[in-house]
1. How many residues, within region 43-70, are of a type outside the set (A, V, I, L, M), assigned to a loop (DSSP other than H, G, I, E, B) and more than 12 Å from the chain's Cα centre (by Cα)?
2. Which pairs turn up if I take residues in region 16-39 that are closer than 14 Å to R80 by Cβ and look for partners that are assigned to a helix (DSSP H, G or I) and open to solvent by less than 50 Å² (accessible area, probe 1.4 Å) with beta carbon separation below 8 Å, at least 6 apart in sequence or on another chain?
3. Does A51 satisfy the criteria of being touching a strand residue (DSSP E or B) at 6+ places or on another chain (Cβ under 9 Å), of a type in the set (G, A, S) and at pLDDT 85 or above?
4. Could you tell me which of the residues A67, A57, A51, A29 is closer than 12 Å to V88 by Cα and of a type in the set (A, V, I, L, M)?
5. Hey, can you tell me all the residues within region 1-14 that are part of a helix (DSSP H, G or I) and loosely packed, with under 11 Cβ neighbours inside 10 Å?
Amino acid sequence: MEFTLWFREVEEEARADLDAFMGGLYAAAEAELTEVVADISSGDFGERLQATGDNVADVDDFIQYRAWRVAGRELVTGVRQSDTDTPVMIVVVLRESAVKAEEVEDDWL
């Protein structure tokens with residue numbers, strides 16, 4: 001399951017100085033991500049969250065992220081942009097744990 005919480009388009013006018021524009025856009029997204037992480041951590045199930053450290057699969061497409069384990073699943077929130085022409089987004093993803101998926105796959109072999 002995935003939700004988009006923050007969404008900013010890459011504006012055509014920014015093409016003249018795309019690096020500066022993107023730097024500002026990433027900084028704004030990272031600042032917003034800090035607030036989202038604080039809200040998640042202090043929310044109703046914040047005490048049930050377990051930090052994952054760097055042991056998270058499939059996060060290469062995130063510019064910056066934070067991940068936890070909760071109830072046997074991974075909760076990942078982060079800044080993502082697929083391409084320079086696509087919007088910069090903050091998404092929250094709740095998915096099966098990569099470790100759990102490997103264990104299930106081994107059961108089938």
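1. Total satisfying the criteria: 7.
2. Correct list of pairs: M22/A14.
3. yes
4. Unique residue meeting the criteria: A29.
5. Residues satisfying the conditions are E12, E13.
The values are calculated or read from the model by the stated rules, or taken from the named source; none is laboratory data. Computed from a predicted model, the values in this text were never measured in an experiment. Glycine also receives a Cβ, built like all others from the backbone with ideal geometry; neighbour counts cover every protein chain displayed. These area figures cover heavy atoms from the full protein model, side chains too; ligands, DNA and RNA do not enter into them. Shrake-Rupley method; radii C 1.70, N 1.55, O 1.52, S 1.80 Å.
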